[in-house]
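The next block holds one structure in the form of structure tokens; read it before the comments.
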Amino acid sequence: MSTVESADGTPIAYDSTGTGTPVILVGGSFSRRHHPTMTQLAEALSPHHTVYNYDRRGRGDSGDADTYTTQREVEDLAALAEAAGGEVNVFGLSAGGALALKAAAAGVSFSRVVVYDPPFVVDETGPRPPEGFRAELEELAATDRRGDAVELFMTRAMGAPAEAVAGMRAAPFWGGLESLAHTLAYDTALLGDFSLPTEELGAVTTPVLVAHGDQTPPWLHAGARATAEALANGELQTLKGQGIEIDPVALAPELVAFYAK
């Protein structure tokens, strides 16, 4: 493990592996660098790229600050890009994709960006969190109700069936989700009301591949298509046989091909 210091002094932890042009992996909600999706993707990309797999602030071995702002997360990604040697390729999963696009719009120098399932809601079928959602998540996570914060985010922000989430609470992995409960308010701040940030996306000049699986819910299909259309250099790709839980081995060749263009 290595660390890089962000602009506000927060240490950001990362692992690097492989050789070649650098790629930064940006995890989504409930993700950290040791998540199997991220480690397997890093391994699959490492024969072609030097992969930087990091913990977003507040997660894993990275530090945090008393107050969260999305700008600080953009600065974290900028610091990591600088440590990787300047212009880098980026992959962002779900909310991590939204963060990567926000950083690109803010002027962080990326060569190419790939995002998978950006969670923007553009029609009535998608989950749209209610007003005051962030404050409710913060309150639950600050008390002894971290599990309730996880359940609330899954059902209201991710659109997961309530009965399915209730069944997860007895699963061995639930404790790991609860450990990240305080960061759910961070992603809510990042995504706002989950609307497509059309003006911000229009400011991105970096080539971007917007990918989604043919097994993901229709609202994610619509959001991916709208994201690609809002970008100056956006490209849409549907991955056959893939859903919300992406297979890193199937995804890696698509990233390698896009980054090589």
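Values in this text are rule-based calculations from the coordinates and carry no lab data. All of these numbers come straight from a predicted model, not from anything done at the bench. Please note: Cβ atoms are built from the backbone with ideal geometry, for glycine as well, and neighbour counts cover all protein chains shown.
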*Compute the separation of the alpha-carbon centres of segment 10-69 and segment 116-185 and state it in Å as a whole number.*
22
*Take every DSSP beta bridge whose two residues both sit in the chain, then give the antiparallel share in percent to the nearest 5.*
25
_Exposure proxy order (Cβ contacts within 10 Å, fewest to most) of Arg57, Arg128_ = Arg128, Arg57
*Taking 0.36 nm per residue of separation and subtracting the Cα-Cα distance, what length does fully extending Glu254 through Ala65 add?*
64.5 nm
_For segment 58-154, convex hull of alpha carbons as volume per residue, Å³_ = 131
*Could you give the dipole magnitude of segment 1-83 about its Cα centre, charging the beta-carbon of Lys and Arg +1 and that of Asp and Glu -1, in debye to the nearest 20?*
280
*Taking 0.36 nm per intervening residue step and subtracting the Cα-Cα distance, what contour gain separates Glu87 from Met1 on full extension?*
28.8 nm
_From Cα pairs below 8 angstrom and at least 6 apart in sequence, can you work out the relative contact order of segment 133-188, rounded to a whole percent?_
50
*What list of ³J(HN,Hα) values in whole Hz, one per residue of segment 239-245 in order, does the Karplus curve 6.51 cos²θ - 1.76 cosθ + 1.60 (θ = phi - 60°) give from phi, with Gly and Pro shown as x?*
9, 5, x, 10, x, 4, 7
*asked:* Loop by DSSP (not H, G, I, E, B), at most 12 other beta-carbon atoms within 10 Å: where is the longest site-free stretch of the chain for GluC sites (Glu not before Pro)?
replied: 1-123
_Give me the extension gain from Arg128 to Asp247: residue separation times 0.36 nm, minus the current Cα-Cα distance, reported in nm with one decimal._
40.2 nm
